[in-house]
1. DSSP loop (so not H, G, I, E, B), at most 14 other Cβ within 10 Å: list which trypsin sites (Lys or Arg not before Pro) in region 67-147 pass both filters.
2. Which percent of the Cα-Cα distances in region 16-91 go past 20 Å?
3. Check each of the GluC sites (Glu not before Pro) in region 95-147 and keep only those in coil by DSSP with at most 14 other C-beta atoms within 10 angstrom; list them in order.
4. In whole Hz, what ³J(HN,Hα) sequence does region 126-143 give by Karplus (6.51, -1.76, 1.60; θ = phi - 60°), x for Gly and Pro?
5. So which trypsin sites (Lys or Arg not before Pro) in region 28-69 are both in a DSSP loop and have at most 12 other Cβ atoms within 10 Å of their Cβ?
6. As an exercise, use a Förster radius of 22 Å and the Cβ-Cβ distance of Trp132 and Leu104 to find the FRET efficiency, rounded to the nearest 0.05.
7. If you roll a 1.4 Å probe over the chain with all protein chains in place, what percent of the accessible area is carbon or sulfur?
8. Starting from the Kirkwood Rh over alpha-carbon pairs, what translational D in µm² s⁻¹ does region 68-147 have by Stokes-Einstein at 37 °C and 0.692 mPa s?
Amino acid sequence: MTRSDDPASPLIAPGLAAAGGGPRLLAVRRQDKAVRQTALHRHARGQLFGAYQGLLTVQAGDRQWVAPAAHALWVPPDCPHGLRSHGPYAGYSVYLSAAACAGLPDAPCALQASALLLAAVERAAGWRDEAWDAARLRIVELIRDEI
């Protein structure tokens with residue numbers, strides 16, 4: 001899903017982010033012509049996000065990062081977080097169900113956004129309501145491995 005509307009609007013419906021169940025993974029792409037800013041919030045899903053272009057300042061838990069496009073940030077479920085882009089923003093977010101977060105870091109952290117991770121995120125962001133087949137589940141596991 002690609003969006004380019006209100007830069008303060010959520011990337012996915014708040015009900016989906018807050019839901020404990022549902023798909024193991026939801027991924028979105030976004031492009032904003034203006035600064036993107038989200039107030040501190042939390043949700044039941046873990047979130048991986050980063051920029052394809054631009055620079056992000058991210059607050060998560062008691063930490064803060066300035067992240068260029070080559071980096072991604074992981075925020076575990078129920079951790080308060082918010083962000084602000086410095087100028088126009090093009091980026092992605094991956095939301096993992098609480099069950100899919102098992103074994104992932106339990107504190108927010110920054111990581112290198114590898115080409116493999118970005119390709120898997122791009123694939124997942126193009127998913128619609130098709131069935132969850134074995135290939136799709138392998139991509140979810142690949143994203144988890146990269147985190």
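1. Passing sites in region 67-147 are Arg128.
2. Counting every Cα pair in region 16-91, those more than 20 Å apart make up 29 percent.
3. Passing both the DSSP loop test and the Cβ count: Glu130.
4. Along region 126-143, the couplings run x, 5, 10, 9, 5, 5, 7, 8, 4, 5, 5, 5, 5, 5, 4, 5, 5, 4 Hz.
5. Lys33
6. 0.65
7. Result for the chain: 57 percent of the exposed heavy-atom area is carbon or sulfur.
8. 236
The values are calculated or read from the model by the stated rules, or taken from the named source; none is laboratory data. Owing to the predicted nature of the structure, the values given are computational and were not obtained by experimental measurement. Using ideal geometry, Cβ is built from the backbone for each residue, glycine included, and neighbour counts are taken over all protein chains shown. To get the accessible areas, we keep the full protein, side chains included, count just its heavy atoms, and leave off ligands, DNA and RNA. Shrake-Rupley method; radii C 1.70, N 1.55, O 1.52, S 1.80 Å.
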